[in-house]
Amino acid sequence: MGSERFAMLRAVASTFDSDGYLRRRARAADPFTVPIPRLGDVLFTGSADGVRDILTAPATELSAPTPNPIEPLVGSGSLILLSGDRHRRERQLLMPSFHGERMRNYAGVMAKAARDEMNGWKPGDRISMREAAQEITLQIIIRTVFGVDDADRRAEYTRVITGMMSAYIAPLMFMPELRRSVGGLGPWARFVRLRTEFDDLLTEQIAQRRATGVDGYDDVLSLLLSATYEDGTSLSDDDLRQELRTLLVAGHETTATSLAWALYHIHREPQVRERLLVELGEVTELEQLSKLPYLSAVLQETLRMHPTVSVVLRRLNAPLTIRGVERKPGDVVGIAVPALHFNEDRWPDPDRFDPERFLERKATPFDYTPFGGGHRRCVGASFANYELAIVVATIMGGADLVMPDDERRKRTPRSVPRGIAALPDREIVLQVR
C-alpha cells in the first residue's frame, strides 16, 4: 500500500511539469524507471537507440497497456486499446479513411471551418488561439468523420461533445474508484449522461446513413459502413460508435493544441512568419499546401517541441532488452517523447524553435515520434498533418494576427497534462491587427 501511494505521489508531482520531468530523468540516466499506478515500474527511454529497441520488436511481442484512463471515453473496443489480430484487422479497416484522394477531398471543408471561425474576428480582438483551434478542429471532425452537414445538427453535436469532453475530468481519468454516481448525481453521472447523449446522436446518424446508402458521401462514417473485414463481415453499430468516439478523442484536442502552438511560434518569430507568408503567396491550390517545404518544417518543429502525447507505452508479451536493460513479459516499457525530442545529441540547441532542422536533415522514426511509431503509429497522423497545413495557411492568408507586447514578454508556456493531451499551462493569445 505504501509503495502504491508513493507511486501515485510521484506520478502526480510529475504532472506539474511532465515534459521537464521526463527530460531531466533522461539526462541523468537512460533508460530510467518511473512507477505508474496500475502499470507498475515502467522503463522509459529518451534515446534513439532505446526507441529503436522498442519499435523494431515484432508486433506479436507488444500489446496496448491496460488499464487505460481513456477507456470510458472511447470504449473497450477502441483501436487504441486493442492488441493482436483484432488490432490489425481494425487498423486495416480504418487506414484508408485517412490517406490518398479521400483525405485530399477534405481540404475545402478544413479551410471553410477555419474561415467560419475567422468570420467572428474584428480588428483589435484578442483571440484565445486554443479555444479558436478547438472550435475549428471540432467542426472538421463533425463534417469529415461523422458526415453532419446541417448547421443546427452540427450545433447539437458541438454542445454534446464539448460537454462530454469537459465532464471527463482528471480525477475520473486516473482514479477509477471515483467512477460512480449517487442517485444519478455527481461528476461521473454527468459524464455518463453526456456520453449516452453523444452515442444517441451517432446511432441516429448511422441509422440514417444505412437507410439512405453511402453512395455520394465521402465522410469517414460512410467509408466504415461500406468496409468489410477479410471474411466479408463488417463493423457492428456498437463497434462503429466506439471507433467514431476514438477518432474524436484522438483527433480533436490534440490537433487543436498543435495548431495553437504553431500559430504561437509563427507570430513570436518574425522571420518565420515572413518566410512562411512568402511561400504561401506562391500557392494557387489548397491541395498544394501540404507539400510546401517550409510550412511542413514549421509544423514538424512545432510537433518536436510540443508533442501532445508525452509518453508512448507498450506492454511486453515476450522478453525485451532496451539499451542493455532486460524486461520480462508483462512489464510495461515506454518512450519519453519530450526527452527524445530534446535530446541534444540529435537536436542541437533543442529549446530554440528552428524549422531549418527539418530542411537540413530528414528525421528518423527513432528520434522523432509525435504520433508514436511501429505497428501502433496513430492512424490519423497523415490526416492531422494535412489538416494543420490547410488550417494554418487559411488563417495566415485570411487574418493579420500579431502577438501582443504583453504576451511576447512572457515566458513560453510549458506543456502540462490536461485530460488526454499535454496543453499549454496558460492561454495563447494573439491579436487581430
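Residues in region 310-326: is at least one open to solvent by less than 50 Å² (accessible area, probe 1.4 Å), outside any strand (DSSP E or B), at pLDDT below 95 and over 20 Å from Asp53 (Cβ atoms)? There is no residue in region 310-326 that is open to solvent by less than 50 Å² (accessible area, probe 1.4 Å), outside any strand (DSSP E or B), at pLDDT below 95 and over 20 Å from Asp53 (Cβ atoms).
Per the conditions (1) more than 27 Å from Ile127 (Cβ to Cβ); (2) under 22 Å from the mean Cα position of the chain (by Cα); (3) at pLDDT 95 or above, the sole criterion not satisfied by Met305 is (1). Here Asp149 meets the list (1) more than 22 Å from Ala260 (Cα to Cα); (2) out of contact with any helix residue (DSSP H, G or I) (no Cβ under 9 Å at 6 or more places or on another chain) almost entirely, failing just condition (2). The helices (runs of 4 or more DSSP H) found wholly in region 86-166 and carrying at least 1 residues that are closer than 20 Å to Val391 by Cβ and β-branched (Val, Ile, Thr) occupy 107-118, 129-144.
Examine region 275-290 for a residue that is closer than 30 Å to Pro338 by Cβ, in a helix (DSSP H, G or I) and at pLDDT below 95, and state whether such a residue exists. Yes, because at least one residue in region 275-290 is closer than 30 Å to Pro338 by Cβ, in a helix (DSSP H, G or I) and at pLDDT below 95. Inclusion of Gly216 among residues that are open to solvent by less than 50 Å² (accessible area, probe 1.4 Å) and without any contact (Cβ under 8 Å) to a residue 12 or more places away in the chain is not warranted.
Does Leu194 meet the test of being crowded, with 17+ Cβ neighbours inside 10 Å and touching a residue at least 40 places away in the same chain (Cβ under 8 Å)? Explain how you work it out, then say what you get.
On the way: crowded, with 17+ Cβ neighbours inside 10 Å: yes; touching a residue at least 40 places away in the same chain (Cβ under 8 Å): no.
Considered against the rule, which asks whether it is crowded, with 17+ Cβ neighbours inside 10 Å and touching a residue at least 40 places away in the same chain (Cβ under 8 Å), Leu194 comes out as no.
All of Arg104, Arg91 fail the test of being under 24 Å from Phe198 (Cα atoms), surrounded by fewer than 20 Cβ atoms within 10 Å (Cβ to Cβ) and modelled with pLDDT under 95, apart from Arg91. For the subset of region 392-433 comprising residues that are β-branched (Val, Ile, Thr) and more than 26 Å from Phe342 (Cα to Cα), which member is most open to solvent (accessible area, probe 1.4 Å)? Looking at the filtered set, the residue picked out is Val402. Restricting attention to region 352-362 and to residues that are in a loop (DSSP other than H, G, I, E, B) and at pLDDT 95 or above, the residue that is most open to solvent (accessible area, probe 1.4 Å) turns out to be Arg352. When Thr137 is tested against the conditions (1) at pLDDT below 95; (2) under 23 Å from Gly419 (Cα atoms), the lone failure is (1). Please indicate, with yes or no, whether at least one residue in region 144-161 is buried (at least 17 other Cβ atoms within 10 Å of the Cβ) and among the aromatic types (Phe, Trp, Tyr). Scanning region 144-161 turns up at least one residue that is buried (at least 17 other Cβ atoms within 10 Å of the Cβ) and among the aromatic types (Phe, Trp, Tyr). Just so you know, in region 368-391 the residues that are open to solvent by 10 Å² or more (accessible area, probe 1.4 Å) and not in a helix (DSSP H, G or I) include one that is farthest from Met129 (Cα to Cα), and it is Arg377. With respect to the conditions (1) touching an Asp or Glu at 6+ places or on another chain (Cβ under 6 Å); (2) open to solvent by less than 50 Å² (accessible area, probe 1.4 Å); (3) at pLDDT below 95, Gly46 lacks only one, and its number is (3). Looking across region 219-239, the residues that are surrounded by fewer than 21 Cβ atoms within 10 Å (Cβ to Cβ), part of a helix (DSSP H, G or I) and not hydroxyl-bearing (Ser, Thr, Tyr) come down to Leu223, Leu225, Asp237, Asp238, Asp239.
The values are calculated or read from the model by the stated rules, or taken from the named source; none is laboratory data. Just so it is clear, the structure is predicted and the values come from calculations on it, not from any experiment. Backbone-built Cβ (ideal geometry, glycine too); neighbour counts: all protein chains shown. Heads up: the accessible areas ignore ligands, DNA and RNA and are worked out on the full protein's heavy atoms, side chains in. Shrake-Rupley method; radii C 1.70, N 1.55, O 1.52, S 1.80 Å.
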